[in-house]
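Structure, as structure tokens:
The values are calculated or read from the model by the stated rules, or taken from the named source; none is laboratory data. What you see is a predicted model; the values in this text were computed from it and never measured. We place every Cβ from the backbone using ideal geometry, glycine too, and count neighbours over all the protein chains shown.
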Amino acid sequence: MPRTRIKTFKKSMHRRNPIGASMKKHLPTLAVIAIMLISATLHFWDIDSIGDSNAYYTAAVESMTQSWHNFFFASAEPGGSVTVDKPPLGLQIETLFALVFGVSGFSTVLPNILAGIFSVPLMYHLVKKHFGTVAGLIAALVVATTPVVFAADRNNTQDGLLTFVLLLAAWAFIKAVESDKARWLFLGAVIVGLGFNIKMLQAYLPLPAFFALYFLGAKTGWLKKIGLTLVALAVMVAVSLSWALYVDSVPASERPYIGSSSDNTVMGLITGHNGTSRLFGGGGRNQPTPPSGPQAGLPAPDGFNPNASPDNPNGQVASVDGPQGGTPFSNETGSPGIFRFFQPPLGAEMSWLLPFALFALVVIAIQSKVKLPVESGAHLGLILWGGWLLTCVVLFSVVSGIFHAYYVVMLVPALGGVVGGGFGYLWQKQVDGHAGSGWWLTLGVAATVAFQIYLAWQYGVNEMWMPLAFVLVALGAILLFVSLFRYSPHLLRSAFSLQLSALLVIPLAWSALTVTDGNDSNLPAAYGVNGGRRNARVGVAAPAQSQEGDAGDSLLDYLEANTVGMKYLVAVESSQVGAKYVIATGRPVLYMGGFSGGDNVISADGLAQMVADGELRFVLFGMSGRNNKQEIVQWLQGSCLVVRQFNQQTANISQPQGPNQGGQVLYDCQ
């Protein structure tokens, strides 16, 4: 492009907009508001369909509204017998909303939805700092159009809250670099520690990017930065472990049993079920036994599924293309490997823009030579968002333990930052007169759209509107070509806008399918991953559905009528059976085995003492090969009577025939 024409072009790009300077100043704000409205519409669409959301956590919120003791310990049921398998902060936030709006699936999901919606302006603000206004708006759009955001936020599993908290931590670390003040570094460490108290070690995944941003970007001396970084790490660990260490210092008799732990300690939960089991699988006390019986993965007659665990509430068969006993929950996340994010089942969650993000990382990285400390805004953004993205992609690609599809919602901010940064960088280069930038952008967009259509085909989706993305790419390329002969800023804006639309049309449509087609309340995922067309194509076992009626049936009426004045409505072997009774009545239901029946919450002697003290009368107990607590079985047989009208037993109680045989039996122990 001739130099004189470059100057003319740059001047025309900065002419006064006809709508007025004031309106132009506020256009980005109006755009952010519009993006928030898109996000809010998708978040709240058909919100009644979520029902009770994840009943395990909804019942826990009901429990936590009833006493400070339950609120602090995150008790899974109102009697305070056992905790949930998470730290309390996320559930405590949900409980505060439940105190205002009442306990329901909606009230427990609402804080996650609001976190998702307000992530939009926060993303714009953070990405704009390093890459400019255009990049910030595109990053916000990515957050508002990625399917896993809506699957995770429309659930009470707290991953949406964690993601928002980590964005706040990113803001603090950016401030630490900008201001060169240690207090912002320490604030970032505190916020990450709070994130730990939502989902434990998952909150630490962006830490390499956070500390690399500070260490490479802050202008403080290197030795001082080393010292401040070590202090910040100490602050983070102290905040992270504050609740855990206090709870473990409380005598076991004065607190609930720590759910899903092997030793009734929070530290054991951190290092075990929420630690090594997440990375490597196996070794955890709650790992399911290989299914047997006529149809593995289906529930017992009472709705109890012995293949379940706190991270697999439906007890789905944990294999898509391999033998049972392989990678846990591969029906959601596939098998470990470099292509895990680029194929079903995980690809539908957030990988639609991943090829363009990888392309953008290279484009930004080679823009100029890196100097230490890093001063280039683009390189600082690359360290933060690119480091966050690559750390999580690499880790989740190789992890062989407990890994659920909705975990990848925490990659979405990093994805948005890199995509927005790359797109905004190429746009700015074009504005500055580098005509080849537009063609590089077209190449990256075309390759990404081709991947998107391929990925959609893998889920059996081949709709008429999908080629629209390629049409938009072609139109953008045509306008870009015309601009070579007619230097018009409007043509270039239109060309880049068409390319952006091409990138987002399929992810946006998939997000709409995610919120309109229904979802698994226990294992939320994007459209196609846990049901429907996805299952028809690759043969994944559909989520198990309880065969027992609603909690408001004759059994519930009988229990309520005959336990007036008693502490416990009933004792059950797990929360899978009992959570619905907690939600229906608000009364304590003793989870004898915690979530899935494997926890040693109470012994037979403990049950006998509760009966003697007038706290408990009924025990609803089913036989399964996985939860065969012989001590309790023998006590029930010797000390209690079967209530015949509620006997769902299908096999001899002393001789269970397999994990899926043997129904629930109601015992009267008074």
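Here are some notes:
- Candidate set from the stretch 320-349 (those that are among the polar types (S, T, N, Q) and part of a helix (DSSP H, G or I)); member that is modelled with the highest pLDDT: THR333
- Subset of the stretch 422-459 [charged (D, E, K, R) and assigned to a helix (DSSP H, G or I)]: LYS429
- Condition check for THR563: under 29 Å from GLN630 (Cα atoms), β-branched (Val, Ile, Thr) and at pLDDT 50 or above: yes
- Flag if ARG587 is modelled with pLDDT of 95 or more, surrounded by 14 or more Cβ atoms within 10 Å (Cβ to Cβ) and either basic (Lys, Arg) or assigned to a loop (DSSP other than H, G, I, E, B) (or both): yes
- Qualifying residue in the stretch 429-450 (condition: touching a residue at least 40 places away in the same chain (Cβ under 8 Å), closer than 12 Å to ILE506 by Cα and surrounded by 16 or more Cβ atoms within 10 Å (Cβ to Cβ)): yes
- Condition met for ILE174 (more than 23 Å from GLU332 (Cβ to Cβ), in contact (Cβ under 8 Å) with a residue 40 or more places away in the chain and among the β-branched types (Val, Ile, Thr)): yes
- Selection count, the stretch 612-670, where residues are buried (at least 18 other Cβ atoms within 10 Å of the Cβ), charged (D, E, K, R), modelled with pLDDT under 95 and closer than 30 Å to VAL564 by Cβ: 1
- Residue match in the stretch 211-230 (condition: basic (Lys, Arg) and either surrounded by 18 or more Cβ atoms within 10 Å (Cβ to Cβ) or within 21 Å of GLU77 (Cβ to Cβ) (or both)): yes
- Scope the stretch 433-464; condition within 31 Å of the chain's Cα centre (by Cα) and polar (S, T, N, Q); matching residues: THR448, GLN452, GLN458, ASN462
- Residue in the stretch 337-355 that is closer than 30 Å to LYS219 by Cβ and in contact (Cβ under 8 Å) with a residue 24 or more places away in the chain present: no
- The stretch 350-405, residues that are among the hydroxyl-bearing types (Ser, Thr, Tyr), at pLDDT below 95 and in contact with a Leu (Cβ under 8 Å, 6 or more places away or on another chain): SER400
- Screening SER400 on (1) more than 22 Å from GLN499 (Cα to Cα); (2) in a helix (DSSP H, G or I); (3) hydroxyl-bearing (Ser, Thr, Tyr) shows it passes everything except condition (2).
- Candidate set from the stretch 464-488 (those that are closer than 24 Å to GLN343 by Cα and touching a residue at least 40 places away in the same chain (Cβ under 8 Å)); member that is surrounded by the most Cβ atoms within 10 Å (Cβ to Cβ): MET466
- Of note, GLU62 does not satisfy the criterion of being in contact with a strand residue (DSSP E or B) (Cβ under 6 Å, 6 or more places away or on another chain) and not hydroxyl-bearing (Ser, Thr, Tyr).
- Hits in the stretch 91-103 - residues which are buried (at least 20 other Cβ atoms within 10 Å of the Cβ) and assigned to a loop (DSSP other than H, G, I, E, B): VAL103
- Residue count, the stretch 356-369 (criterion: closer than 17 Å to LEU503 by Cα and without any contact (Cβ under 8 Å) to a residue 24 or more places away in the chain): 1
- When PRO543, PRO489 are checked against the criterion of being closer than 30 Å to ALA435 by Cβ, at pLDDT below 95 and not acidic (Asp, Glu), PRO489 stands alone in meeting it.
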